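First comes the structure, then the notes that go with it.
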Amino acid sequence: MQNLLQRSDLKPFAQIETQRTRYELHMTSSLVSRNSVVHKFYVDIDSVKYININNTAVSNSYNIGEIELIEVANGLSANDIISDIFNQLEIDSQTVPGKVLVYLSRFAPQHFKALEACGLVSSKLGPKKCFPPQTPSNCAVDDEGKILSGTAVNFHFTRKCNFECKFCFHAAHTSSILPREQRMSVLQQLYDEGAEKINFAGGEPFLPSYHDILGEMVQQAKQIGFSSVSVITNNSHVTAEWFAKYGRFLDILGISCDSLDAVTNFRHGRHPAGSRRALSSEVMVSRLRSSAQLCRDYGVMLKINTVVTSINYLEVMSDVINCLRPMRWKVFQVLPLEGENHGQHCGKKQNVLPLVVSEEQFEYFVRRNAVALWDPSIMKPENNRLMQASYLLVDEQGRFLDASLGKKSPTRSIAEVGVRQAFRELVSSSGGGFHRDEFLERGGYYAADWTRKG
């Protein structure tokens, strides 16, 4: 078959791996009065994994169940038997897309839309409404009608950064930021629609030119009512002066730290732009301890973020984590995003593909480090599936960013059309835009612990 396809000049467009678990069941029929009629059938549960055709990264997964009849009793139709099985098992059946159509809808949306336009998708699925969103609850509304209730938002108010990380998923393509009035409007609208936590990110939020811009937003966010205000930083420009002025408004300081080895950090690109070397291990640890002490002095909680790559997945960091005692250690499987850290629109310095790790390598890092932690519960691992679409991202222009299809596609700006319309555009994506269930699955809502004490 492979030779035939090659001779026909057909090229593969997707690699789809399926792991099937099969159960054989026998069930007495409720369709006839005699008990001797038994339905015999298989239940197949398929866990589908989509892989880039160059085999560089796992993109996403899809789970689907099927029932296959082994034999059909005389006088009964297959449809009646299937309906009887569903009713007895209390399973809600519905028309759902197959594996290839899901791949197309998520990773080749233009192709999928073309199939829709010419009727091929609807001919397979029935009415268009039968194609369900990947996460039906992604547009949940609370009792007060707030569309962002119980969520946390990452506001990447700048792309500008002093480091050159090859895996950065919000790279320095522009140095623009919203005017002050619009920044504050975005914050107010997010809060008014129920968002409870706001995290300021970049780029690098603590660049000296942004110190007061960041501080003013942190102060404003806390004063309008966000229960948690946090900042994520590469820790190169965190200062005692900033904490003295704004520390009382901050709940959590997150520090990105992927390695304590200078060579590893240099290979990652986690070093000052233009530099031929990264900071030494001694300087790294000294800065970490200094920032941890500032957090203790001002009642701010500390969080550490680590990206696991093909370079650092064998590293043990638990000793320094035990020393710093963060309230959370988030451990990410490095995530490829087209247009951010790989692809034709990225510079030579942004290329994540050689850094990609398998699920097994990622799990090895997690297991090896968790076993030596003083409190293993602080570690929050996130693989590509959990990361990709479980974050509400707002960019430097105030736009929601849809990463559910493997790249960042912006909505219109909240400052322009309002948060409701922008959010509606986000969740209307064929990839779902924001997967609220995965946000909850990865522990993204931890309101009991994300507010400073006192």
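The values are calculated or read from the model by the stated rules, or taken from the named source; none is laboratory data. Note that this is a predicted model, so its numbers are computed, not measured. Glycine also receives a Cβ, built like all others from the backbone with ideal geometry; neighbour counts cover every protein chain displayed. Areas reflect the complete protein model, heavy atoms only, side chains present, ligands, DNA and RNA absent. Shrake-Rupley method; radii C 1.70, N 1.55, O 1.52, S 1.80 Å.
Using Cα pairs closer than 8 Å and at least 6 residues apart in sequence, work out the relative contact order for the stretch 288-348, in percent. Mind dumping the intermediate values first?
Working: 45 pairs, mean separation 21.9, N = 61.
Over the stretch 288-348, the number comes to 36 percent.
Compute the separation of the alpha-carbon centres of the stretch 392-441 and the stretch 292-315 and state it in Å as a whole number.
One Cα centre to the other: 27 Å.
Go through Lys197, Lys380 and list them by solvent-accessible area, largest first, probe radius 1.4 Å. Mind showing how you got there, number by number?
On the way: Lys197 10, Lys380 60 Å².
Correct descending sequence by accessible area is Lys380, Lys197.
What order do you get for 274-283, 360-369, 225-234 when each peptide is scored by the mean count of other beta carbon atoms within 10 Å, highest first?
Numbers: 274-283: 12.9, 360-369: 16.6, 225-234: 21.4.
Answer by packing, highest mean first, reads 225-234, 360-369, 274-283.
How large is the Kirkwood hydrodynamic radius of the stretch 300-367, counting all unique pairs of alpha carbons, in Å?
Computed over the stretch 300-367, the radius equals 13.4 Å.
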